[in-house]
Amino acid sequence: MPVSQYLANIKDTVQSAWEGMTVTFSYLFRRPMTVQYAGPEKAREKHELVQDTLPSRYRGFLEVDLAICTACNACERACPINVIAIEIEKDPANPKLRVMTRFDIDEGKCMFCGLCVEPCPTGSIQHTREFEGTQRTLSNMVLRFVDPAKPAPPYKVAKGATAFPRAVLGSITRPLVKAWDSPPPPLPIESAEEAMAHAAKKAH
Amino acid sequence: MALDQIFITRKFGPNAEQEMILNMGPQHPSTHGVLNFIVHADGEVMEKAVPEVGYLHRSLEKIGEMVSYAGFMPYSDRVDYLAAMFANEGWALAVEKLLGLEVPPRGQYLRAISCELNRIASHLIALGSTAMDIGAVTPFPYALRERESINDLIEALCGARLTYNYHRIGGVAYDVPPDWTPLCRAWLDHFEKVLDEFDRLISTNEIFLKRLAGLAVIPAAMAIDYGLSGPNLRASGVDFDLRKAHPYGAYPDFQFKAPIGRAYAGLSRGGKVGDCYDRYYCRVLECRESATIVRQALDKLPDGDFINPKAPKKAKPPAGETQSRVESVRGEMAYYVVSDGSERAYRLRVRTGSFTAMGIIEEVSKGLMIADLVALIASLDVVAPEIDR
Ligand code: SF4
Ligand code: SF4
């Protein structure tokens, strides 16, 4: 390589490195893209909730407003991975009516795709902007919307209704999300003896 | 290659003394996901690098035969997590073909907008990580910084930042939110300036140019033989873009170029058509083209439905088979679907660009240095989940 070529190479390299440096330098004076995550609950009180900075279409934890749920099962059928479990029984007080005794959404399994939200006739099931649900046990991720002691009657859609009185988005799910270290719910069968007794009872 | 074969080459192979067998990956930071290469090397020079795939196999094709047609849409996001829109679109096109369903113009435009934004986002990662794999760390966070804005735009559009699940059979899931179009336009203005800056930062950097010029050249004939597609094929000088060759959706309405490789590194630096730098620079140019497409689509965005009102709630296409092809970020993505008239696909097959790109690595890596393998993988822009599906 002739000396002139050698020197030209050095010049090119230094020049293009300098160009790059000027770009890098300008980034020192730009607004950072990162945002400060407003820490745990306490520190956050001073700031806006992170959830509220998200766009309204954000697909976070699901929420069902039982007051306007018609128990039509459309959401359960739409979910490709059976995340939603709805059980409907006859009302013991009035056998002509039906009540929902279970409406569970397993957020540990949900992939937040939004397919269940689309067929809902009343907009009862919606994505909220809640996303912090760290749990020690997977079973704590299940959101139970119906209290088994207080079954929920289905909502009757008035003829021609287009708007439904829905609770504020997030106000139902937010209290249901457990603290991260809360104990898991009891298993249906607790001890080995009980399991044996259960099996014996079944055999009879 | 099975383990016993490795053993045999070591012991009794023709170059038993000199050949060194190295495992690169599957947890190597610069193999772009869980990829494994078995490198046969003599010192620093490779005899070949054999890719081993299958570490990210999630049997998506089988899942597609288990869930309903609409229910597969969120799964198609996972085919290629950096370019989920294209997988969405391919799947939607395939089922629409089976059903004989039309997509209203607004739906088609929204598809094009979302896809081209996604293309820019994915290319930004490819560009940044190419630079990072070569050793220039700075461009990567800068590229991700711009990608973050696209994520924000797409999040406002469809509610998710990575697994979009935006397209539906017969259209798209949501209309553009109010105030979204000006935001998108403002970002495009900003982005074109950033790309110029990106060129100054790394694309015209002498060290970077010399490092990639003339490296791992894939001639046009070879690229066609191995079935490369997308930017990898065009960088070899073959002018083939599905958006132009077999236009689908709203693409016939737009004016854009499909950049092809032209030895951009410069002949004086030893640049050749189809080298690593061409593959890199074609992506930079494609980002610009995508930006113009988004701009045109926003200008011409027609009114009307964004989803066909006749789209069935529960798709039950008649028996038959079909194929759909889209120009994805990493090349041609094709869906082959067989329907038996039920509400689930009888057979589903996905063809992806990364898989064919992996196939060519063994051939191209002959005679390269080990350090160049990283540049080759980065320039081919393979993404592990797309290889295995
Ligand atoms: S968001 Fe998707 S995965 Fe989750 S419950 Fe709804 S349909 Fe099922
Ligand atoms: S949440 Fe909506 S879709 Fe689900 S059962 Fe209730 S009304 Fe039906």
Burial ranking of peptide ranges B:130-137, A:134-141 (average Cβ count within 10 Å, highest at the top): B:130-137, A:134-141
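Provide a whole-number value for the mean count of partner chain Cβ atoms within 10 Å of the Cβ atoms in peptide A:77-86.
Values: counts 3, 5, 2, 10, 6, 0, 0, 0, 0, 0.
Mean shielding count: 3.
Return the calculated 222 nm mean residue ellipticity for chain B, to the nearest 500 deg cm²/dmol, obtained by summing -39500 (n - 2.57) across DSSP H runs with n ≥ 4 and dividing by the residue count.
Numbers: 15 runs with 180 residues, N = 389.
So the helix-based figure for chain B works out to -14500 deg cm²/dmol.
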Cα-based reach from residue B:300 at 18 Å (exclusive), listing aspartates and glutamates while leaving out same-chain residues under 8 positions away: B:116, B:175, B:179, B:189, B:253, B:289
Top positive-direction residue, dipole computed over chain B with Cβ charges, set B:251, B:379, B:108: B:108
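Could you please rank B:32, B:167, B:57, placing first whichever residue has the fewest other Cβ atoms within 10 Å of its Cβ? Each step should come with its number before you reach the end.
Values: B:32 23, B:167 30, B:57 12.
With the sparsest Cβ surroundings first, the list reads B:57, B:32, B:167.
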Among B:292, B:170, B:72 the positive-end extreme of the charge dipole of the protein assembly as shown (Cβ point charges): B:170
Lys/Arg +1, Asp/Glu -1 at C-beta; chain B dipole; positive extreme among B:140, B:318, B:236: B:318
Helix axis angle, A:192-203 relative to chain A longest principal axis, alpha carbon, degrees: 50
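What is the order of A:65, B:381, fewest Cβ neighbours within 10 Å to most?
Values: A:65 22, B:381 27.
The fewest-first ordering by Cβ neighbours comes to A:65, B:381.
If you take the square roots of the eigenvalues of the alpha-carbon gyration tensor of chain B and sort them as a ≥ b ≥ c, do you get rounded (a/c under 1.5), prolate (a/b over b/c) or oblate? Walk me through the numbers on the way to the answer.
On the way: a/c = 2.16, a/b = 1.36, b/c = 1.58.
Oblate, since a/c reaches 1.5 and b/c is not below a/b.
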Packing-based order for A:52-63, A:161-172, using average beta carbon neighbours within 10 Å, highest first: A:52-63, A:161-172
Likely footprinting exposure, A:21, B:333, A:100, fewest C-beta neighbours within 10 Å first: A:21, A:100, B:333
Nearest 10 degrees, 0 to 90: helix B:3-12 Cα axis against chain B principal axis: 20
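For a 32 Å ceiling on Cα separation, which of these pairs sit above it: A:109/B:193; B:244/B:310; A:90/B:314; B:97/B:193; A:150/A:178; B:48/B:210? Kindly include the intermediate steps, with their values, before the conclusion.
On the way: A:109/B:193 42 Å; B:244/B:310 29 Å; A:90/B:314 29 Å; B:97/B:193 40 Å; A:150/A:178 20 Å; B:48/B:210 23 Å.
Result: A:109/B:193; B:97/B:193 exceed 32 Å.
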Principal axis dimensions, largest first and in whole angstrom, of the protein assembly as shown by Cα: 100, 62, 58
C-alpha long axis of helix B:84-99 to longest principal axis of chain B, angle in °: 50
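Readers should treat all values here as calculations from the given coordinates under stated rules, not as data from a laboratory. Being a predicted model, the structure only gives us computed values, none of them experimental. Neighbour counts run over all protein chains shown; Cβ positions are idealised from the backbone, glycine included.
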